[in-house]
Amino acid sequence: MDAIDFPDDLMQTQAAWTATYDALAASRPRDTTALRRRLLLLSVRLWWHPYWQTAPSVPAARSELRQLVRACGAVRAA
């Protein structure tokens, strides 16, 4: 499968979603209400992003976006 060129704002939103999810999944997270609200807001932004209107295979593209953001995060952490 060819790499998809995702818009920067979509990548940033997915990265923020991943960071928020990880913070919420951590042991004894602080301010869970704020984290849950942020996760919901970011989920809505991801779901309704205009890019998905043009993607040929939305489920596959969503999966690739998540994998790409996770990989970029792992490279930055190293």
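Quick look at the values:
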| quantity | calculated |
| --- | --- |
| Choice from T18, T33, T54 showing the highest fluctuation, given a GNM over the chain with Cα pairs closer than 10 Å | T54 |
| Carbon + sulfur, % of accessible area of the chain - ligands and nucleic acids excluded, 1.4 Å | 56 percent |
| Listed residue (T54, L39, Q14) projecting farthest to the positive dipole end of the chain, Cβ model | L39 |
| For the chain: relative contact order, % (alpha-carbon pairs under 8 angstrom, 6 or more apart) | 42 percent |
| Prolate/oblate/rounded call for the chain, Cα gyration tensor, a/c under 1.5 rounded | oblate |
| Per residue accessible area of the chain, 1.4 Å probe, in Å² | 74 Å² |
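The values are calculated or read from the model by the stated rules, or taken from the named source; none is laboratory data. Owing to the predicted nature of the structure, the values given are computational and were not obtained by experimental measurement. Quick reminder, even Gly has a Cβ in these numbers, built from the backbone with ideal geometry, and neighbours come from all protein chains shown. With ligands, DNA and RNA removed, areas are computed over all heavy atoms of the protein, side chains included. Shrake-Rupley method; radii C 1.70, N 1.55, O 1.52, S 1.80 Å.
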